[in-house]
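Report on the following structure.
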Amino acid sequence: MYHTLTIQTQKDGFYDLTGKVRDIVASSKIESGICVIYSPHTSCGITINENADPDVQHDLKIAYTQAFPEDSSYRHNEGNSSAHAKVSAIGSSATVFVEKCDLLLGIWQAVYLVEFDGPRTRRVFVKVIAE
Amino acid sequence: MYHTLTIQTQKDGFYDLTGKVRDIVASSKIESGICVIYSPHTSCGITINENADPDVQHDLKIAYTQAFPEDSSYRHNEGNSSAHAKVSAIGSSATVFVEKCDLLLGIWQAVYLVEFDGPRTRRVFVKVIAE
Amino acid sequence: MYHTLTIQTQKDGFYDLTGKVRDIVASSKIESGICVIYSPHTSCGITINENADPDVQHDLKIAYTQAFPEDSSYRHNEGNSSAHAKVSAIGSSATVFVEKCDLLLGIWQAVYLVEFDGPRTRRVFVKVIAE
C-alpha cells in the first residue's frame, strides 16, 4: 500500500513535500518504522536539505548546474541529459525514520522534490513500513 | 534472506538489472513492500534512470567524468579515486516500492548497475521486505 | 525504536561509523533485515565507500570541493552552500543489509559520516528493521 502525491511544478527548483508526507505518516497510525518517499520520474529527484533559508535552494540550483552543465557532446535529443545526470546524483528516493507516528527529521531538514526539467506534473509515491 | 546477481562488466557504463530484479520480486511472493538493490563494491554504484534512449547513458558517462575528473593531486595509488567519488554521488543502493509482487517503477525508469572501473565481476544483492 | 550515535567532528572529512553500527545491529538480535543509518543534519552526509586506503578519503574531499566549489553568486549568508550541495549528492542516509545479526558490507566497504562544515557535534540515527 502506498500514497501518491501530485505536484504541478513550474520552474526548476525545490518543492517542499514535508507537510504532505507528515499527514500520510500520521494517518498511517504506524508508531515506529521508516517512510520512503519515491519519484517515478527520471528528470526530477527527491532530497533532504535545509528548510530555513530559501537562499540555500537558490544556491543549490546554481551548484548543480555548474556540476552537471549542458554539454555540446551530449546526444540525447530531448536536450535534458543534464537533468538526468542531476537526478542520479540527488537520488530518486529518500528514507526517513518514523517515530511516534511522525517523521523524525532534523530541525533544519525538509523533504523536497527537486525539479530539473519543469514545468511538469509530477507524482511522488510515499510508503510507511512498520518495524 | 537475500539474492545475489552476478554481472560481468566490460567497459564503464550502465548495466540494466531491471528484469533480473523483477524476477526476484515475483518469486518472493511478497505482495507489497520495498525492494533494496545493493552493491557491495566501492567503484560501481546503483542508480535509477531512463530506460528508453541509450544516448542518456552515453551522456551520463560524460557528465560524471566532467563532474569528477581525474586530478593530479589525488594520492590513491590504484588510480581510481574518480570512480570512488562517482560512487558516493550515485549511491551504493536503490530502494523501489513493491506492489502486486512487482517493482513499482515509473514508465521510463530502469535500475542500473553503473560501472566506473571495469571490466570487473560484480555482485549485486537484492532483498525484498514485506510491509 | 532507534539508536543515536554522537560524533564530535573536527575538520571536514570522513568519520568511520562501521564499528558502532555493527554493535547496534548485534545488540538488536535481528537476524535478517536492513539497517538504515541517517543524518539529521544538512551540512554533513552519510556514505559507503572504501575502508582500506585513507588516501581515498583525501581524494574524495578534493573531488567534492571541485565538483561543488564555493561561488560568488551564492546568497546564503552562512557561507556553507557548498556543504549543502555536497550533502544532497552524498545523501543523508545509507541502507545496508543485515544477515546473521551483522551488517552485510562488501570487503572494502565502510559506513562514513562525511563532515562538510566542521567542527561540529553531530548525531547519527540508526534503525534496524527485521524482514
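Measuring label to label, 7 Å along Cα→Cβ, what does A:E31 give against each other copy in nm, shortest first?
So the distances to the same position in the other copies read 2.4, 2.4 nm.
When each copy gets a label point 7 Å from Cα toward the beta-carbon at C:P69, what are the spacings between them in nm, shortest first?
Copy-to-copy label distances at C:P69, shortest first: 1.1, 1.1 nm.
Using the Karplus curve 6.51 cos²θ - 1.76 cosθ + 1.60 with θ = phi - 60°, work out ³J(HN,Hα) for each residue of region B:14-22 in order, rounded to whole Hz, and write x for Gly and Pro.
Using θ = phi - 60°, the values come out as 9, 10, 6, 9, 4, x, 5, 5, 4 Hz.
Whole-Å semi-axes of chain C's equivalent ellipsoid, largest first, each the root of 5 times a Cα gyration tensor eigenvalue?
Values: eigenvalues 163, 48, 28 Å².
Calculated on Cα positions only, the semi-axes equal 29, 16, 12 Å.
Longer than 27 Å from Cα to Cα, which of A:K29/B:K20; A:K86/C:K61; A:K86/A:K127 are they? Say none if no pair is.
Working: A:K29/B:K20 34 Å; A:K86/C:K61 20 Å; A:K86/A:K127 24 Å.
Pairs exceeding 27 Å: A:K29/B:K20.
Counting each pair of different Cα atoms once, what's the Kirkwood radius of region A:69-131 in Å, rounded to one decimal?
Values: mean 1/r = 0.0681 Å⁻¹.
So the Kirkwood estimate lands at 14.7 Å.
Return the average number of partner chain Cβ atoms within 10 angstrom of each residue Cβ along peptide B:119-126. Numbers along the way, then the final one.
Details: counts 0, 0, 0, 0, 1, 0, 5, 1.
Counting other chains' Cβ atoms within 10 Å and averaging over B:119-126 gives 1.
Can you list the aspartates and glutamates whose alpha carbon sits under 12 Å from that of B:K11, skipping same-chain ones fewer than 8 residues off?
B:E115, B:D117
Answer rounded, prolate or oblate for region A:7-82, using the Cα gyration tensor with square roots of eigenvalues a ≥ b ≥ c: rounded when a/c is under 1.5, else prolate when a/b is larger than b/c, else oblate. Please report the intermediate quantities before stating the final value.
Working: a/c = 2.88, a/b = 1.87, b/c = 1.54.
Because a/c hits 1.5 or more and a/b exceeds b/c, region A:7-82 counts as prolate.
What average number of partner chain Cβ atoms lie no more than 10 Å from the Cβ of the residues making up C:50-58? Walk me through the numbers before you get to the answer.
Working: counts 10, 1, 3, 6, 2, 6, 9, 4, 5.
Across C:50-58, the average partner-chain Cβ count within 10 Å equals 5.
Tell me which aspartates and glutamates have Cα within less than 17 Å of A:K100's Cα, excluding those fewer than 8 residues away on the same chain?
A:D23, A:E31, A:E131
Gain in length, C:E31 to C:D55, computed as 0.36 nm per residue apart minus the alpha-carbon separation, to one decimal in nm?
Values: separation 24, 0.36 × 24 = 8.64 nm, distance 3.46 nm.
Once the chain is fully extended between C:E31 and C:D55, it gains 5.2 nm.
Of the accessible area of chain C, with the probe set at 1.4 angstrom, what percent is carbon plus sulfur? Walk me through the intermediate numbers first.
On the way: 2510 of 5040 Å².
Carbon-and-sulfur percentage of accessible area, whole number: 50.
Quick check on the protein assembly as shown: take the gyration tensor over C-alpha atoms, sort the square-rooted eigenvalues as a ≥ b ≥ c, and tell me if it's rounded (a/c under 1.5), prolate or oblate.
Details: a/c = 1.13, a/b = 1.13, b/c = 1.00.
Here the protein assembly as shown falls in the rounded category.
Determine ³J(HN,Hα), in whole Hz, for all residues of region C:107-115 in sequence, where each value follows from phi through the Karplus function 6.51 cos²θ - 1.76 cosθ + 1.60 and θ = phi - 60°; x replaces Gly and Pro.
Ordered by residue, 3J(HN,Hα) equals 4, 9, 9, 9, 9, 10, 7, 10, 8 Hz.
Quick one: label points 7 angstrom along Cα→Cβ at C:C101, distances to the other copies in nm, smallest first?
Once sorted, the set of distances for C:C101 reads 3.5, 3.5 nm.
Cut-off 10 angstrom, C-alpha nodes, Gaussian network model of chain C. Which of C:E78, C:E70, C:E31 fluctuates the most?
Fluctuation is largest for C:E78.
Across peptide A:31-38, what mean number of C-beta atoms from other chains lies inside 10 Å of a residue's C-beta? Before the final figure, lay out the partial values.
Details: counts 1, 4, 4, 11, 0, 6, 0, 9.
Counting other chains' Cβ atoms within 10 Å and averaging over A:31-38 gives 4.
Each residue of region A:61-77 in turn: what ³J(HN,Hα) in whole Hz from Karplus with 6.51, -1.76, 1.60 and θ = phi - 60°, glycine and Pro shown as x?
4, 5, 4, 6, 5, 6, 6, 10, x, 4, 9, 5, 8, 5, 9, 4, 7
How many nm separate the modelled label positions at B:D102 and B:D16, each set 7 Å beyond the Cα in the direction of the Cβ?
Taking the simple label geometry, B:D102 and B:D16 are separated by 1.6 nm.
Once the piece of chain linking B:M1 and B:R75 is laid out straight, how much longer is it, given 0.36 nm per residue of separation minus the C-alpha distance between them?
Numbers: separation 74, 0.36 × 74 = 26.64 nm, distance 3.88 nm.
Working it through step by step, the gained length comes to 22.8 nm.
Helix-derived [θ] at 222 nm for chain A: sum -39500 (n - 2.57) over DSSP H runs of at least 4, divide by residue count, nearest 500? Don't skip to the end; give the middle numbers.
On the way: 3 runs with 35 residues, N = 131.
The per-residue figure over chain A is -8000 deg cm²/dmol.
The values are calculated or read from the model by the stated rules, or taken from the named source; none is laboratory data. Note that the structure is predicted; figures quoted are calculated from it, not measured. Note that each Cβ is placed from the backbone with ideal geometry, even for glycine, and that neighbours are counted across all protein chains shown. These accessible areas exclude ligands, DNA and RNA; they are computed on the full protein's heavy atoms, side chains included. Shrake-Rupley method; radii C 1.70, N 1.55, O 1.52, S 1.80 Å.
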